[in-house]
1. Among the helices (runs of 4 or more DSSP H) lying completely within the stretch 124-202, list those that include at least 1 residues that are of a type outside the set (K, R) and touching an Asp or Glu at 6+ places or on another chain (Cβ under 7 Å).
2. Name the pairs: first residue in the stretch 103-126 and touching a residue at least 12 places away in the same chain (Cβ under 8 Å) and among the β-branched types (V, I, T), second residue assigned to a helix (DSSP H, G or I) and surrounded by 15 or more Cβ atoms within 10 Å (Cβ to Cβ), Cβ to Cβ under 7 Å, at least 6 apart or on different chains?
3. Among the residues of the stretch 31-46, are any in contact with a Ser or Thr (Cβ under 7 Å, 6 or more places away or on another chain) and under 18 Å from A153 (Cα atoms)?
4. Condition first: in a helix (DSSP H, G or I) and under 18 Å from L75 (Cβ atoms). Now tell me which residues in the stretch 98-108 satisfy that.
5. Applying the selection to the stretch 113-122, what residues are more than 14 Å from I67 (Cα to Cα) and either of a type in the set (S, T, N, Q) or assigned to a helix (DSSP H, G or I) (or both)?
6. Just checking, how many residues over the stretch 36-92 are part of a helix (DSSP H, G or I) and of a type in the set (G, A, S)?
Amino acid sequence: MLPTSSICSSFFSLTELPAQFYKPAESVLFVSLGAVVVVLFRLTLGVKVLGLFRSILMAIGFDIIGIPIGLAFLLLVLLVTVALRPLLKTDHSYARIAVLLGLAAALLDAPLLAGNWWDIAWLREIALFPVIALCLTCESFAKVLDEDGVYEAVWRTFTTVLAALTIVTVMSLPGTLGIYLRFPELLLVQAGCILLINEYLDFRLLEGANPLAAWRRGQLSAVRPAELLPLHEADPTERLDSGQTQGRKQSCG
């Protein structure tokens with residue numbers, strides 16, 4: 001051991017942190033580790049997400065209320081967003097998105113009321129999902145839906161959820177929080193990892209990939225070309241047959 005080891009362990013360690021501060025410390029680690037995961041998704045894999053911070057906030061929400069309940073509630077809110085979007089006729093997208101955000105926040109009250117009526121604990125716990133995470137996710141989803149269509153919005157939501165689940169998985173590994181509390185300077189190491197990823201791992205292996213859009217293009221290409229072309233661009237043999245048929249009808253007449 002170095003002569004300064006005892007000093008460093010005394011002044012640069014969080015192992016003696018009171019238990020009530022473990023949750024805030026875990027949130028700090030969520031942000032730091034989550035940033036590394038999202039950068040790997042965007043730069044190394046090349047997949048687009050709804051935003052850098054959305055996956056991290058979503059991961060925190062999943063950690064609070066659980067992954068199955070969190071996924072089900074998020075899906076419900078996004079379905080409501082898609083259903084109400086055509087009904088919101090506003091002159092500016094900001095007003096439409098603001099209304100959707102208000103509705104998304106109001107949906108947090110619904111399980112709280114239902115859980116209170118029927119005394120169901122897991123329904124009440126849905127209200128613990130961070131409202132800022134829900135609103136930011138709905139905002140980005142609605143914006144992509146307006147600009148790039150439903151297939152791109154669904155795909156980016158899927159990749160965002162996948163990144164959030166990856167963050168939760170990494171955080172749930174045994175000893176992750178303990179290592180951070182013992183060596184909080186690792187936060188600086190994670191910042192260095194992001195710079196290394198940007199410099200040496202910017203492969204973008206799946207850049208532009210969207211299986212939903214590819215499936216849609218395949219469905220459209222399966223339609224017969226003659227059904228998509230105007231009459232004057234249809235198959236010339238079909239036009240010849242139709243012309244002969246019309247000629248016979250006229251001669252018979």
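1. Working: elements: 131-148, 150-171, 176-182, 186-200.
Ranges flagged: 131-148, 150-171, 176-182.
2. I126/I65; I126/I69; I126/F73; I126/P111
3. Looking through the stretch 31-46, at least one residue is in contact with a Ser or Thr (Cβ under 7 Å, 6 or more places away or on another chain) and under 18 Å from A153 (Cα atoms).
4. Answer for the stretch 98-108, where residues must be in a helix (DSSP H, G or I) and under 18 Å from L75 (Cβ atoms): L100, L101, L103, A104, A105, A106, L107.
5. Answer for the stretch 113-122, where residues must be more than 14 Å from I67 (Cα to Cα) and either of a type in the set (S, T, N, Q) or assigned to a helix (DSSP H, G or I) (or both): L113, A114, G115, N116, W117, W118, A121.
6. Qualifying residue count, the stretch 36-92: 6.
Where a number appears in this text, it was derived from the coordinates with a stated rule and is not lab data. These numbers come from a predicted model, not from an experiment. Reconstructed Cβ throughout: ideal geometry from the backbone, glycine too, with neighbour counts over all protein chains shown.
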